[in-house]
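Here is the structure we will look at.
The values are calculated or read from the model by the stated rules, or taken from the named source; none is laboratory data. Only a predicted model underlies this, so the values are computations on that prediction, with no experimental measurement involved. Here the Cβ positions follow ideal geometry from the backbone for every residue, glycine too, while neighbour counts run over all protein chains shown. Each accessible area value is taken on the protein alone, full model and side chains, heavy atoms only, with ligands, DNA and RNA left out. Shrake-Rupley method; radii C 1.70, N 1.55, O 1.52, S 1.80 Å.
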Amino acid sequence: METLRFEYLGGTPPAVQAPTLTGVVGSGNLEVLVEAAPGSGSCVIEITTAAVGFGHIWQAVIDDFHARHGLCDLRISVNDVGATPAVVSLRLDQAIETFLGDAA
Amino acid sequence: MNAHRHSYYEAGARERLHGLLDAGSFRELLGPAERMTSPHLPPLDAPVAFDDGVVVGRGRLAGRSVLAGAQEGGFNGGAVGEVHGAKLTGLLERALDERPAAVLLLVESGGVRLHEANAGLIAVSEVMRAVLAVRSAGIPVLVLDGGQFGCFGGMGIVARCCDAIVISEEGRLGLSGPEVIETTCGVEEFDSRDRALVWRTVGGKHRYLLGEADVLVADDIGAFREAAIRLLDTVPDLSLDALDAEHGRLAARLERFGTCRDALDIWSALGIGQPARLPLLDTDEFLTATADRRA
Amino acid sequence: MDARTLLEQLFPAGHDVRFDGAFFHGSGRSGTTDIAVIGTVDAAPIGVELALALAGAVLDTVRRHPGRPILLAVDTAGQRLSHRDELLGINGYMAHLAKCLTLARNRGHKVLGLVYSKAVSGGFLASSLLADACHALPGAEVMVMNLPAMARVTKIPLEKLQDLSRSSPVFAPGVANYVAMGAVESVWQGNLAEALAAALAGMPQHDRRRELGEARGGRRLARPVAARVRSDALA
């Protein structure tokens with residue numbers, strides 16, 4: 001197992017929502033927990049992954065994710081079991097949609 | 001019709017709960033943000049899940065308050081560890097205080113989680129005790145079984161300790177899974193790759209005909225919901241008379257079917273014509289073909 | 001220890017236990033109290049017939065001897081693994097036994113378990129673990145699965161499992177592990193008749209295995225997690 005942490009400063013704070021969980025911790029899959037971190041001014045993404053040694057790929061996937069959404073005041077926690085970058089991106093987007101969608 | 005179905009089999013634990021209960025009514029206890037993960041998985045380099053593979057909480061069903069727990073088969077096959085089991089036990093014991101209309105268990109589990117085998121086995125035992133305490137207090141415990149991993153191991157016993165089981169054709173219920181039996185006893189005892197054999201031995205249709213499951217529904221969250229609503233007024237009965245009657249039924253089953261070598265033999269003995277066609281029928285056709293023929 | 005020796009030591013004043021294959025049933029006297037004894041021998045795999053026989057003995061005790069304490073002395077290498085048992089719904093037979101013991105408990109029977117030889121996995125779950133309090137003899141074998149089999153199924157190296165099992169009671173075989181986790185109340189040493197009488201005098205009034213596991217340090221989360229789910233406020 002390997003733990004990675006990314007932090008992005010600045011962005012748009014979403015309205016404060018209840019935490020949401022998206023995805024499942026199963027082979028080739030991951031779960032994404034999104035929580036509000038009001039006033040933090042940053043988006044922190046912590047990842048625990050069963051696939052060791054792919055930090056640079058995570059960096060690229062998470063950079064893209066943050067560029068797409070540009071959100072701050074968030075804490076995102078991931079438990080991953082070797083999902084592909086495409087699956088990771090998809091789950092992160094679903095997780096954000098679910099989190100923001102609960103406002104409606 | 002199929003276009004309106006929401007597959008129970010394909011859904012995850014949270015999706016099932018949200019579809020089963022009254023819209024927007026579910027409130028989770030000890031949710032994922034609490035990060036109550038298993039302490040026993042990381043030392044074995046195994047991934048954890050923020051909810052330890054089970055979602056528990058309170059909601060409403062047809063306007064009535066219920067407590068509900070749903071196992072997530074996608075995480076370790078829904079296997080029970082220390083935290084997972086304690087969440088189910090706590091939920092059941094909460095029923096003793098809150099006295100909801102019922103406790104719903106959306107089971108999907110291979111049984112005990114081997115990474116924490118002793119803790120898991122004891123946890124399942126505690127869940128059994130809690131189920132029976134809740135029933136003894138007059139509150140029904142209802143089981144829904146239609147997930148991809150079925151309901152096996154200790155959870156198969158837990159399920160049968162409850163008041164009623166709603167199962168789909170896709171649902172499976174048993175103790176030792178076919179793979180376990182094949183690995184231990186050989187392929188001639190149970191060929192786990194023979195899908196037809198597996199489904200007609202542990203699948204929903206056979207369980208329903210045998211009387212191990214009470215209601216057979218289509219693979220649709222809405223159908224599970226309707227069945228659960230109809231069972232809400234179940235009155236638990238653990239009296240001597242009730243258990244004498246159950247004892248008689250189980251003894252009669254052994255007497256009647258104990259020498260059968262295949263589910264087809266049992267279905268034949270039940271007086272069902274052309275038993276080999278049963279696996280091919282959809283739920284409605286099956287219920288019509290087997291009406292009044294259950295054991 | 002074999003069952004006949006066990007019964008002689010538990011009931012020095014005598015007993016009327018009858019053996020029928022792997023199954024036995026009868027009564028013995030502990031001090032001034034008659035005890036119903038229900039059990040199995042020869043590490044019997046628990047299949048549909050045996051589960052039904054055990055349940056029948058419980059119902060018989062409830063019917064004929066209201067309030068009589070029940071001692072489960074089950075020697076089992078596990079649930080019987082067979083296509084036939086699954087076909088007939090073995091889990092339903094085991095659940096029936098659990099319900100019968102609940103009936104007994106609800107009617108005031110104390111239910112005691114004693115692992116005198118072997119208790120494995122589903123066989124343990126469907127017998128001694130159903131008791132209000134489960135005890136064990138020092139040489140008893142208690143487990144879910146041995147480590148080599150566990151290594152094969154989980155694909156975790158055997159050496160790693162062996163190494164971890166020296167410091168953690170959570171997955172490896174052994175009575176001491178089940179004591180640490182609270183599932184086995186105590187290990188009976190010395191005079192078994194006295195141990196039985198003491199156990200009967202000190203029966204827990206509720207399922208306290210989580211509390212024992214926490215106090216003994218073998219299972220620290222089960223009690224607080226269950227307590228939070230039971231009592232946390234909900235919106």
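Please name the residues of the stretch B:33-48 whose accessible area, counted over protein heavy atoms with a 1.4 angstrom probe, falls by no less than 10 Å² between the chain alone and the full protein assembly.
Residues of the stretch B:33-48 that lose at least 10 Å² of accessible area once the other chains are added: B:ALA33, B:GLU34, B:ARG35, B:MET36, B:PRO39, B:HIS40, B:PRO43, B:LEU44, B:ASP45, B:PRO47, B:VAL48.
Kindly report the accessible area of the stretch B:1-75 per residue (heavy atoms of protein chains, probe 1.4 Å, no ligands, DNA or RNA), in Å².
Dividing the accessible area of the stretch B:1-75 by its residue count gives 38 Å².
Sort out for me the Cα centre separation of the stretch B:44-87 from the stretch A:28-81, rounded to whole Å.
The stretch B:44-87 and the stretch A:28-81 have Cα centres spaced 24 Å from each other.
Determine the distance separating the Cα centre of the stretch C:1-64 from the Cα centre of the stretch B:161-216; give it in Å without decimals.
32 Å
Tell me: how much accessible area in total is hidden between B and C, 1.4 Å probe, Å², nearest 100?
6700 Å²
Give me the accessible area per residue for the stretch A:2-101, probe 1.4 Å, as a whole number in Å².
43 Å²
Could you work out the mean count of beta carbons from other protein chains within 10 Å of each residue's beta carbon in C:77-83?
Counting other chains' Cβ atoms within 10 Å and averaging over C:77-83 gives 6.
Which residues of the stretch C:196-235 bury at least 50 Å² of accessible area once all protein chains are present, versus their chain alone (1.4 Å probe)?
Relative to the lone chain, where solvent access is computed with a 1.4 Å probe, the stretch C:196-235 loses at least 50 Å² at C:ARG209, C:ARG210, C:ARG219, C:LEU221, C:VAL225, C:ARG228, C:VAL229, C:ARG230, C:LEU234.
By the gyration tensor of its Cα atoms, with a ≥ b ≥ c the square roots of the eigenvalues, what is the shape of chain A: rounded for a/c under 1.5, prolate for a/b over b/c, or oblate?
Since a/c reaches 1.5 and a/b is larger than b/c, the shape of chain A is classed as prolate.
Can you grab the distance from the C-alpha centre of the stretch C:145-184 to the C-alpha centre of the stretch B:241-295, Å, no decimals?
41 Å
Nothing charged except the Cβ atoms of Lys and Arg (+1) and of Asp and Glu (-1): what's the magnitude of the dipole of chain C about its Cα centre? Round to the nearest 20 debye.
720 debye
Over chain C, give the accessible area per residue in Å² for a 1.4 Å probe, as an integer.
On a per-residue basis, 37 Å².
So how strong a dipole does the protein assembly as shown carry about its Cα centre when Lys and Arg Cβ are +1 and Asp and Glu Cβ are -1, to the nearest 20 debye?
Roughly 1320 debye, rounded to the nearest 20.
Setting aside same-chain residues fewer than 8 positions from B:LYS87, which lysines have a Cα under 30 Å from its Cα?
C:LYS99, C:LYS110, C:LYS118, C:LYS155, C:LYS160
Of all the accessible heavy-atom surface of the protein assembly as shown, with the other protein chains kept in place and a 1.4 Å probe, what percent is carbon and sulfur?
Carbon plus sulfur share of accessible area: 51 percent.
What does the charge dipole of the stretch A:2-101 about its Cα centre add up to, to the nearest 20 debye, if the Cβ of each Lys and Arg holds +1 and the Cβ of each Asp and Glu holds -1?
My answer is approximately 40 debye.
The stretch B:22-61: which trypsin sites (Lys or Arg not before Pro) are DSSP loop and have at most 14 other beta-carbon atoms within 10 angstrom?
Answer in residue order: B:ARG35.
Kyte-Doolittle mean at least 1.0 and Cα extent at least 15 Å along the axis: which DSSP H helices of chain C qualify?
C:48-64
Please name whichever of B:ALA159, C:TRP188, B:LEU232 sits farthest to the positive end of the charge dipole of the protein assembly as shown, dipole taken about the Cα centre and charges placed at Cβ: Lys and Arg +1, Asp and Glu -1.
Going by the charge dipole, the pick is C:TRP188.
When you have a sec, figure out the Kirkwood radius of the stretch B:207-265 from all distinct Cα pair distances and drop it here in Å to one decimal?
14.0 Å
Can you compute the equivalent ellipsoid semi-axes for the stretch B:127-205, i.e. the square root of 5 times each eigenvalue of the Cα gyration tensor, sorted largest first and rounded to whole Å?
Over the Cα atoms of the stretch B:127-205, the ellipsoid semi-axes are 28, 14, 7 Å.
Percent of alpha carbon pairs in the protein assembly as shown separated by more than 43 Å?
That tail contains 22 percent of the Cα-Cα pairs.
If I require 24 Å or longer along the helix axis, counting alpha carbons, and a Kyte-Doolittle average no lower than 0.0, what helices from chain B are left? Use full DSSP H segments.
Span-like helices, by this rule, are B:117-136.
Taking amide H positions as placed 1.01 Å from N in the peptide plane, with prolines and chain starts having none, which residues 5 or more places from B:SER65, or on another chain, fall under 5 Å of its amide H?
Answer set, sorted by chain and number: B:ALA101.
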